[in-house]
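Worksheet for the structure shown next.
Just so you know, all these numbers are worked out from the coordinates, no wet-lab data involved. These numbers come from a predicted model, not from an experiment. Neighbour counts run over all protein chains shown; Cβ positions are idealised from the backbone, glycine included.
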Amino acid sequence: MMSELDNHSQNSDKYNDSFSYKENKSYLKISFERIAFIFFIFFILAVIFSSKVILLSIKKIPEIQKIVKKDNFRSSILDNEGNILAKSVPVVNIGINPNLVINKEKLLISLKLIFPDKSFDEEIYGKKFFYVKKKISPEKLKQILLLGDKSFIQEDSIARVYPNGNLFSHVIGQIDNDNNGISGIEKTFDYELTTTKEPLKLTLDKDLQYLIKEELSKSKDIFQNIGSAAILMDINDGNILSMVSLPDFDLNKREKIDDVKYINRATKGVYEFGSVFKTFTLAAGLQYSVVEPETEFKDLKKKIACAGNYISEYDDKIPSDLTAEEILIRSGNIGSVRIAEKVGIENYNEFLQTIGIISNLEFDIQEVGTTQLGRWGKCKLATVAFGHGIATTLLQLSKGYSIISNGGYEITPTLLKKEKLQRQRILNENLSERINPILRKIVSTKEGTAGFANVKGYEIGGKTGTADQPSMGGYSKKKVNTFASVFPTSDPKFVLAVMLDEPKANREFVYHYRDDRYPYKGNWRNTAGWTTVWIAGQIIEKIGPILATKY
């Protein structure tokens, strides 16, 4: 009996040993950890493969052919304050090889969505590579890459950018598609810009350029002129602070400019400037000591004949008895002819050569016109005396006015910062002392023709010029109106020459005087005193504070 109980107990212990709750719990725990581990491994693999799929769907760059265009790097061009006028920057161009396009209709639709203002229908059915967009923006480039089309070709290149767009177009000039300078500073200094990393620093001032261009632009709205130009130059060293010619063009568009209306009117355009030459006539008389400012001319006629043609006074109210000074102040034609006759052909020719009017002018851009004079003779001397029969550039006019006003010193107009050289006097020492007060009276007195330029505080002096433009067999009614000014006349520092090409009188325009007179409306005169002088006065009023503080 006892043995049976013992056997039962032993069996019971064996049963308990073989079926333990604790041991079964341990087995379940191990199984859960294995499952969790396997799930984690699958999860990581899923994340990796999903990420790869996403990256491949977004980043299509390896599927697009890339080329690097080896452009010559060009150094920057700066103004006199260090502002960037031209700069080379890395850019991306996107093109298409039509032979690699699989579905042209589908691609055209995609391109239309990205570039709604462009059409590529003709190019995409051709066989030649074409550009979709040069200097493409990062946003547009991303849209192109997302298309994943292998026909796209990405070109990494260097582009020339001009932060000021049109502002310096005629001066800076253009480059071609091969990165070679073809006009302006870009052409003249092409070698320097492509062989050195040093920036090219100009004498120009961006602030002055902007203000002068703004006023010239207004002249078109007021006087409907087809073009205009202005040069602001340091009268003592020839540094050009501003040179504007309108109409201008956007350098960033790199368009072919072959329309004559875009000529650089400041340097390339050749014009008969009219009465601004009367200053040279009197200055020549003083240089050769054949007249003095107070020399009297009696019984001046209203009309004289020369080779079958007549030279008349522009205003019948000009007195018949005038001094040499009064002839210039009142802008007398006949009196100027009489002064020129005293000077003589040989001396007058030599004088104009000396001050750079009829001599070749070397300049920092190659777009420079050549003076047209013809053969000297009695009638040629008479017409040149009052600014007809001779055509020159606004640049040469500016140089001439600088020399006769700065004490008679030679200057060379320049756009490039240079070391100051020792000056050489080429005219009589006291010539400027006698001519400058007369130029001041042309602006400051009621007898003068340039009252609208009498900006308070700047002692403006200058001379107006109104000329008929030559046409076949004579002259047309189209005008060139010019004002050449120097200031301050007591100690000349600047010359400002302003020209309007084919202006028209504006009878609705209201002139606001700078003195106590009431505004004036209803002008019918198409002369420089009522057009160019007004614009010049507005310019000096705007730039005067800058010149007074910076130069």
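Treating only the Cβ atoms of Lys and Arg (+1) and Asp and Glu (-1) as charged, compute the dipole magnitude of the chain about its Cα centre; round to the nearest 20 debye. If you can, show how the numbers build up before the last one.
On the way: 75 positive and 68 negative charges, 198 e Å.
Roughly 960 debye for the chain.
When every alpha-carbon pair in the range 176-313 is counted, what percent end up more than 20 Å apart?
Details: 6452 of 9453 pairs.
Tail fraction, whole percent: 68.
Would you mind classifying the range 367-448 by shape? Square roots of the alpha carbon gyration tensor eigenvalues, ordered a ≥ b ≥ c; an a/c under 1.5 is rounded, otherwise it is prolate if a/b is larger than b/c and oblate if not. Don't skip to the answer; put the middle values down first.
On the way: a/c = 1.78, a/b = 1.12, b/c = 1.58.
Because a/c hits 1.5 or more and a/b fails to exceed b/c, the range 367-448 counts as oblate.
Treat the count of other C-beta atoms within 10 Å as a stand-in for reagent exposure and order Phe280, Phe129 from fewest to most. Working shown, then result.
Working: Phe280 28, Phe129 14.
Least to most surrounded, the residues fall as Phe129, Phe280.
Which of the three applies to the range 67-201, rounded, prolate or oblate, going by the alpha-carbon gyration tensor with a ≥ b ≥ c and a/c under 1.5 meaning rounded? Mind showing how you got there, number by number?
On the way: a/c = 2.64, a/b = 2.39, b/c = 1.11.
Prolate shape, in that a/c is at least 1.5 and a/b is the bigger ratio.
Please arrange Ser490, Ser402, Ser110 by counting, for each residue, the other beta carbons lying within 10 Å of its beta carbon, fewest first.
Details: Ser490 10, Ser402 27, Ser110 16.
Lowest to highest Cβ neighbour count: Ser490, Ser110, Ser402.
Is the range 451-529 best put as rounded, prolate or oblate by its Cα gyration tensor, with a ≥ b ≥ c the root eigenvalues, rounded for a/c under 1.5, and otherwise prolate when a/b is larger than b/c, oblate when not?
Oblate shape, in that a/c is at least 1.5 and b/c is the bigger or equal ratio.
Return a whole-number percent for the relative contact order of the range 67-201, with Cα pairs under 8 Å and 6 or more residues apart as the contact set. Could the numbers behind the result be given before it?
Numbers: 211 pairs, mean separation 52.1, N = 135.
It rounds to 39 percent for the range 67-201.
Which one, Gln65, Ile185, Thr414, projects farthest toward the positive side of the charge dipole computed for the chain from Cβ point charges (K/R +1, D/E -1)?
Working it through, the farthest residue towards the positive pole turns out to be Gln65.
Could you point to the residue in Asn80, Leu208, Gly148 farthest towards the positive end of the chain's charge dipole, with +1 and -1 charges on the Cβ of Lys/Arg and Asp/Glu respectively?
My answer, from the dipole projection, is Gly148.
What translational D, rounded to a whole number of µm²/s, comes out for the range 208-550 from Stokes-Einstein when the hydrodynamic radius is the Kirkwood one over Cα pairs, at 10 °C and 1.306 mPa s?
Working: Rh = 20.1 Å.
Answer, rounded: 79 µm²/s.
Report relative contact order for the range 208-550 in percent, whole number only (criteria: Cα-Cα under 8 Å, sequence separation at least 6).
Values: 729 pairs, mean separation 75.3, N = 343.
Averaging sequence separation for qualifying contacts and normalising by length gives 22 percent for the range 208-550.
For the range 451-531, state which chymotrypsin sites (Phe, Trp or Tyr not before Pro) are in a DSSP loop and have at most 13 other beta carbons lying within 10 Å of their beta carbon. Don't jump to the answer; show the numbers that get you there.
Numbers: sites: Phe452, Tyr458, Tyr475, Phe483, Phe494, Phe509, Tyr511, Tyr513, Tyr520, Trp524, Trp530; in loops: Tyr458, Phe509, Tyr513, Trp524.
Sparse-neighbourhood loop chymotrypsin sites (Phe, Trp or Tyr not before Pro): Tyr513, Trp524.
Using Cα atoms only, what is the angle between the long axis of helix 138-147 and the major principal axis of the chain, expressed in degrees (0 to 90) to the nearest 10?
40
Arrange Ile41, Ile240 by Cβ neighbour counts within 10 Å, fewest through most, would you?
Details: Ile41 10, Ile240 24.
Ranking Ile41, Ile240 by Cβ neighbours within 10 Å, fewest first, gives Ile41, Ile240.
Grab the DSSP H runs of the chain that are 4 residues or longer, score each as -39,500 (n - 2.57), total them, divide by all residues and round the 222 nm result to the nearest 500 deg cm²/dmol. Let's see the in-between values first.
Working: 17 runs with 204 residues, N = 551.
Here the helix-only value at 222 nm equals -11500 deg cm²/dmol.
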